[in-house]
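Peer 1: Below is a structure I'd like to ask you about.
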Amino acid sequence: NKELATDGPYSMVRHPLYTGNILMLIGYCIANGLFWPWVVGIFFLWFWYPAAISYEDKKLERIFGDPWRDWAMRTPALFPRRIVPVNTHDNHWSFAKSMKQNWEPVIVVYALFWLWWLWRQLPPAG
């Protein structure tokens with residue numbers, strides 16, 4: 001909430017986390033092979049994400065004003081118009097900075113632990 005990130009993944013979409021979540025949800029639905037995950041996925045696409053995006057957009061507009069409005073007019077919310085990110089500012093989005101400020105290392109360690117645990121549960125090859 002201190003500076004508006006408009007390059008890197010934010011040059012492609014306003015909500016890259018939601019875009020990634022949607023791609024993972026689609027992948028889970030495909031991998032699962034059942035019908036009901038698609039129903040859950042469509043529910044989230046139809047009801048959850050529009051409300052969450054609206055809330056976040058209003059909050060960011062209130063915090064950043066005109067710079068946010070200019071960026072939002074040229075940047076789609078979820079589905080990118082291009083697949084190559086743009087880095088144009090000295091204060092651009094940084095994975096390392098995000099990791100330090102947003103406690104993502106805890107999430108990464110947590111996810112790695114559970115991936116390791118799941119891997120250990122697999123039967124031995126052979």
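Peer 1: Being part of a helix (DSSP H, G or I) and either among the polar types (S, T, N, Q) or open to solvent by 60 Å² or more (accessible area, probe 1.4 Å) (or both) is the requirement here; does Ala31 meet it?
Peer 2: Against the criterion (part of a helix (DSSP H, G or I) and either among the polar types (S, T, N, Q) or open to solvent by 60 Å² or more (accessible area, probe 1.4 Å) (or both)), Ala31 qualifies.
Peer 1: Just to verify a result, which residue in the stretch 2-27, among those that are farther than 21 Å from Val84 by Cβ and touching a residue at least 12 places away in the same chain (Cβ under 8 Å), is surrounded by the fewest Cβ atoms within 10 Å (Cβ to Cβ)?
Peer 2: Out of the qualifying residues, it is Glu3.
Peer 1: Can you tell me which residue within the stretch 49-62, out of those that are more than 21 Å from Leu25 (Cβ to Cβ) and open to solvent by 70 Å² or more (accessible area, probe 1.4 Å), is nearest to the chain's Cα centre (by Cα)?
Peer 2: Lys58
Peer 1: Starting from residues that are of a type outside the set (A, V, I, L, M) and open to solvent by 40 Å² or more (accessible area, probe 1.4 Å), keep the ones in the stretch 65-74 and report whichever is farthest from Arg14 (Cα to Cα).
Peer 2: Checking each candidate, the answer is Asp66.
Peer 1: Just to be sure I understand, how many residues within the stretch 38-48 are modelled with pLDDT of 90 or more and surrounded by 14 or more Cβ atoms within 10 Å (Cβ to Cβ)?
Peer 2: 1
Peer 1: For the stretch 11-20, does any single residue satisfy the condition of being hydroxyl-bearing (Ser, Thr, Tyr), over 12 Å from the mean Cα position of the chain (by Cα) and closer than 17 Å to Arg74 by Cα?
Peer 2: So far as the stretch 11-20 goes, yes, one or more of its residues are hydroxyl-bearing (Ser, Thr, Tyr), over 12 Å from the mean Cα position of the chain (by Cα) and closer than 17 Å to Arg74 by Cα.
Peer 1: When you look at Pro80, is it open to solvent by less than 70 Å² (accessible area, probe 1.4 Å), at pLDDT below 90 and not in a helix (DSSP H, G or I), yes or no?
Peer 2: yes
Peer 1: Separate question: Within the stretch 53-63, how many residues are farther than 12 Å from Arg14 by Cβ and of a type in the set (A, V, I, L, M, F, W, C)?
Peer 2: Result for the stretch 53-63: 1.
The values are calculated or read from the model by the stated rules, or taken from the named source; none is laboratory data. Because the structure is predicted, anything quoted here is derived from the model rather than measured. Ideal geometry is used to build each Cβ from the backbone, glycine not excepted, and the neighbour counts take in all protein chains shown. Accessible surface is based on the protein model in full, side chains and every heavy atom, while ligands, DNA and RNA are left aside. Shrake-Rupley method; radii C 1.70, N 1.55, O 1.52, S 1.80 Å.
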